[in-house]
Amino acid sequence: MPISFLLMVNKQGQTRLSSYYEWISMVERSALESEIIRKCLSRSELQCSFVEYRGYKVVYRRYASLFFIVGSRLSKDGNDNPENELGMLEFIHNLVETMDKWAGSICELDIMYQLEQVHFLLDEMVMNGYIVETNKMNVLRPLDLMERENQKSESMYR
Amino acid sequence: MSLKLRDLIRKVRACKTAAEERAVIAKESAMIRTAIREEQEHYRHRNVAKLLFMHMLGYPTHFGQLECLKLIASPHFPEKRIGYLGMMLLLSEEADVLMLSTNSLKNDMNSKNKFIAGLSLCTIGNLATADMSRDLAPEVDKHLKGGMPYLRKKANLAMARCLTKCPDMVEDFVDRVVTLLKDKNHGVLITVVQLMTQVLLIDSRNAEEEGEDPFETDCRKAFLRLVPMLVKMLRNLLGSGYSPEYDVGGISDPFLQVQLLTLLRLLGTQNETASEEMNDVLAQVATNTESSKNAGNAILYECVQTIMGIESEDGLRVLAVNILGRFLLNRDNNIRYVALNTLSRCIVEQQYTGDGNVPTESANTASAALQKHRQTVVDCLKDPDISIRQRALELIYYMVNQGNVESLAAELLNYLVLCPREHRRDICTRIFRVVEKFSPDDRWRVDTLITMLTIAGREASRDVQSATVIYISRSPPDIHAYATHKLVKAIRDDDGSQRGLLVVGVWCIGEYGDLLLNPYSYTPSVRNNDATTSAPVSITFMALDAVSVVEAIKTIIDRHSCPEYVKERALTSFAKLSDRFADKGDVAALDMLAKLIKKHEVSHSLELQLRSCEYAALINASKGIKTIITKPAAEEEDLFGLADNGGDSGESVSASVINAAKEALSRMPVVDLKVLRKKQEDAFGSGTMPSGNYPVEASAPASGGGDLLDLNDMFGGEAPASAPAPAQNGSSGGGGEAPKSDLDLLSDIFAATPSSAPVNAASTGGGGGFDIFSTPASQSTPAPANPIDLFGSPPAMSMPTPASQNSNPLDIFGAPPPVQSQPAAMMATPNRRQHHRRYDSKDAEYRRRSYLCFHPDEKNRCRRCTATHQEISDYLVLFLPCYPKLMACGNQEHWMVLGGKRTPILDVKLNTKWLGYDLLTLTL
């Protein structure tokens, strides 16, 4: 089952990045986000990293002060293509490693102030909820090249 | 001018409150709107970036949608890039403006710059609608054949999106994948495998819609030909050794492996040949994958799922179950979680497929392998993580069978002690179902159920309690004695909080009290296997004497915390005991019982009072003593003068009455069989209902309608029609001395059964009480002399209105009520103190009888007029300090809580005046 949404949340429960791969209305989004974040944050280290909530299988992983939360839809009959939770955990780790490599040591502020950059990175790795690329070099090289392209025409924002 | 993105973020971060943040955002959105309106091209790109930030925070950003489209049309790369990003995040696929982007997307896809083409493909993959998919699919298709892997992988997923949106295009597409599978680039491979998975799912959905066999489509057949290729790819990954590009902890590309296994699962489902082709490689994956790292476990997990999903060999299935068994031993909670999850899914599927026909050999071996890991699963019940415990519980519940029920039930009981309160009820029900289904013998079943109630009698549901009673009563007499002895012991050890235990215990003591007077011992026979470690120990219970049996129950009801329904049952139990002990010659015990029964004659609980009076009358009747006689000659006036005749006790009753009373005593049931059966059918499925030798069955037909197997029906059904209604004196002998102020008004209206039932009334203070048993309605001739048959012709009630007999409590006997309209009698009495007892039973059998009375201090008051109201089934009797107000505000505005529901009062009618009370009829 493809990923439905991906969130990066700090320890205070503030969303730092959100990416949805299925359309959920804004009202629902904020309700869902706050509810899931609350659930994930309240769990102890001892508990397993999987939560089922409102028809979503939520897999989360904590890195220092940052939570990475991935949700995917539970299939209705439960058996036609069950989510590989461990694989998802591994993917989160892969994502974090890639981001680490990209920004040195990734932290909350990096994500906040370079929101669009992180989105670009994410787009290289996930598309419509499916995994595109897991090799760090293959993700970062095009990003780098694009950044150079960007420099050519002067940057106007920020 | 609007802020820079950085400044905006800084400002938002500096906000202390949510309101402050909203203000900042509102100001900024206003700026952006102005900029958009004024077409400030220069800032467009910065504004969209800010909108992305605001969007993430959850603020509306719809006004920026068109800006995104303008940006993607820009020739500059940075603008295009942010424009596409904005599109993907801010637009939904429902947005109308999306159509406008089709052309830009098409142009960009054909751009020479691969990054621009990549952005376009990415956007299609994330957003394309059905219309766009149709338009753009050919262009996407070009990239599938194109030279750049960077674009090929994106095109794969863009294509997957297009096909999801337009399922009919699937067929034209199938042959394209063969070349893609030969690709060297892992990014292309993982995407193409996902694409194939997607195509297969769409295809089988298509086939199902058209009514074809989803396993026989052309597309699937074409893909099945690719199975050897996929297998080879997987094998290469396994054997490739260290490949730095996609290595994760020593495993080459776990993501690709997982996706491949998923695809193989889809292809192997219900296909023998394909499954056979996979067997080898699956075994290889299962044995060769290293499980020390999460990545390896992810592969193993997927592999297990595939093995379980396809038509694999037995050996492979056992291997899979063993992998899961190994997972269960892992210290990582995540891994144990998936293992438990997968195991329960496998069992459910096996039971599902094995249902009806003979379970296949493979299912047997796999489940046999599973049983080996039983202990590991049981250990998971002790895990600190509650979600693990819950999963384990679920799994154990599925694992139980005839062979292991004893040990697993013991484990479940152990867990019951430890688990949080709120889960106990559910677990009790589950233990009960397990016991019900697999119990090896009666003794064990009764034993387990009693132990369960000892642990969680407080939380166990009523169904479980009642069913326990039924199981005890169904078992052979030997078990009766055993269970009762055990229960007496458990009750004595208990602190009175395990209500379920009390209910069952009190019933059993009442029913089998005589068995307690004998000692009991039991020596379990040696089992043929050595599974039971302990040597057979004989169980011995000492004989109890009658007084201590009664004491045991008395201790329960003397507790302050004892709930009313236990007291009610205790009363029934006393009544039964007085029958059981009647021939034992223990006078002290019988006296004690008689006292205990009478104790509640003045109870504040109507039900207790009712039972108390009824049972006392019944016991007296069985001894041949008539407590009070209503003289046949007494005319209506005499009805209210009865208290004066209170002394006329001691007359004998006819032998038939004695017999009837004795019979009633000996057969007195406590479980409402019908209600229980219905519940059981709902909850546990039909066919499990104990029936047959249940003692109640015998008396049921005798009692007319038979749906209320309580004392009432027995009276109604079995008492001879001609029997003079035994009436009984209330608490105090001297009637009529009660002052006016101390007046009691109790009214009972009978509605439920065809055969009218006895009604009781009694006074609390000095007022005399009396009880009259009406003639059953099923009998054709009600005694003409019976003056109390007031409600003989409903709904209009003609009430005798004697002038001065205020001090008498009254009984009203109802005939069956009119079915459609539901009148409610209402007593109104403005200036008198009324005693009100709350009647509040959850039992369906009691709810159908309508006992009503009130107290001015009662909290449940009508909202509008402060009328006190009391909720009982079909009827509602109100008693109003403010009757005129009710009339005034009347009708729909007025409502009562009835059966937990708000019920409007449609009409209030003054029916009659009676004894200075207004008797009202409410139409609900």
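The values are calculated or read from the model by the stated rules, or taken from the named source; none is laboratory data. All values derive from a computational prediction rather than experimental measurement. Neighbour counts run over all protein chains shown; Cβ positions are idealised from the backbone, glycine included. Keep in mind that these areas ignore ligands, DNA and RNA; they rest on the heavy atoms of the full protein, side chains included. Shrake-Rupley method; radii C 1.70, N 1.55, O 1.52, S 1.80 Å.
The charge dipole of the stretch A:3-152, taken about its Cα centre with unit charges on the Cβ of Lys, Arg, Asp and Glu (plus for the first two, minus for the last two), comes to roughly 360 debye.
Of B:LYS142/B:LYS182; B:LYS80/B:LYS142; B:LYS486/B:LYS576, which ones are farther than 24 Å apart at the Cα?
Numbers: B:LYS142/B:LYS182 17 Å; B:LYS80/B:LYS142 22 Å; B:LYS486/B:LYS576 19 Å.
Violating the 24 Å limit, Cα to Cα: no pairs.
Amide H contacts of A:LEU17 (H built 1.01 Å from N, in plane; Pro and chain starts excluded): A:MET8 sit under 5 Å, all sequence-distant by 5 or more or on other chains. With angles folded into 0 to 90 degrees, how steeply does helix A:115-125 sit against the dominant principal axis of chain A? Use alpha carbons for both and round to 10. Helix A:115-125 sits at roughly 70 degrees to that axis. Rounded to the nearest 10 degrees, the angle from helix A:85-103 to the longest Cα principal axis of chain A is 20 degrees. Distance between the C-alpha centres of the stretch B:435-465 and the stretch B:132-201: 59 Å, rounded to the whole angstrom.
Reported value for the stretch A:45-118: 115 Å³ per residue, from the convex hull of its C-alpha atoms.
Report in % the part of the accessible area of the stretch B:186-251 that belongs to carbon and sulfur, leaving out ligands and nucleic acids; probe 1.4 Å.
Numbers: 1430 of 2970 Å².
The nonpolar share, carbon plus sulfur, comes to 48 percent.
The orientation-averaged shadow of the Cα convex hull for the stretch B:5-157, equal to a quarter of the hull surface, comes to 9.4 nm².
Take A:20-32, B:127-139, B:477-489 and order them by the average number of nearby Cβ atoms within 10 Å per residue, most first; the result is B:477-489, B:127-139, A:20-32.
Once both labels are positioned 7 Å from their Cα atoms along Cα-to-Cβ, the gap between A:ARG62 and A:ARG148 label points is 4.2 nm.
Between the DSSP loop rule and a limit of at most 11 other Cβ atoms within 10 Å, which GluC sites (Glu not before Pro) in the stretch B:182-218 are left? Show your work: numbers first, answer last.
On the way: sites: B:GLU208, B:GLU209, B:GLU210, B:GLU212, B:GLU216; in loops: B:GLU210, B:GLU212, B:GLU216.
For GluC sites (Glu not before Pro) across the stretch B:182-218 that sit outside H, G, I, E and B with at most 11 neighbouring Cβ atoms in 10 Å, the list reads B:GLU210, B:GLU216.
Averaged over peptide A:39-52, the number of partner chain Cβ atoms lying within 10 Å of each residue's Cβ comes to 3.
Applying the Kirkwood pairwise sum to the alpha-carbon positions of the stretch B:1-91 produces a hydrodynamic radius of 13.1 angstrom.
Between A:LEU41 and B:LYS599, what FRET efficiency follows from the Cβ-Cβ distance if R0 is 51 Å, with the result rounded to 0.05?
On the way: r = 57 Å, r/R0 = 1.12.
The computed FRET efficiency comes out at 0.35.
Evaluate Rg over Rh across chain A, taking Cα atoms for both radii and Kirkwood's formula for Rh. Let's see the in-between values first.
Details: Rg = 16.1 Å, Rh = 16.5 Å.
A ratio of 0.97.
Using a 1.4 Å probe on protein heavy atoms only, how many Å² of accessible area do A and B hide from each other, summed over both chains and rounded to 100? Using a 1.4 Å probe, the pair buries roughly 6300 Å². Can you tally the lysine pairs in the stretch A:3-152 where the Cα-Cα distance is under 16 Å and the two residues are eight or more apart, or on different chains? Lysine pair count for the stretch A:3-152: 4. Summing charges over all other residues whose Cβ lies under 15 Å from the Cβ of B:ASN110, with Lys and Arg as +1 and Asp and Glu as -1, gives +3.
Quantify, in whole percent, the carbon and sulfur part of the accessible surface of the stretch A:3-152 (1.4 Å probe; protein heavy atoms only). Working shown, then result.
Working: 2770 of 5610 Å².
The value for the stretch A:3-152 is 49 percent carbon and sulfur by accessible area.
Shape analysis of the stretch B:222-312 based on the Cα gyration tensor places the equivalent ellipsoid semi-axes at 22, 14, 10 Å, largest first.
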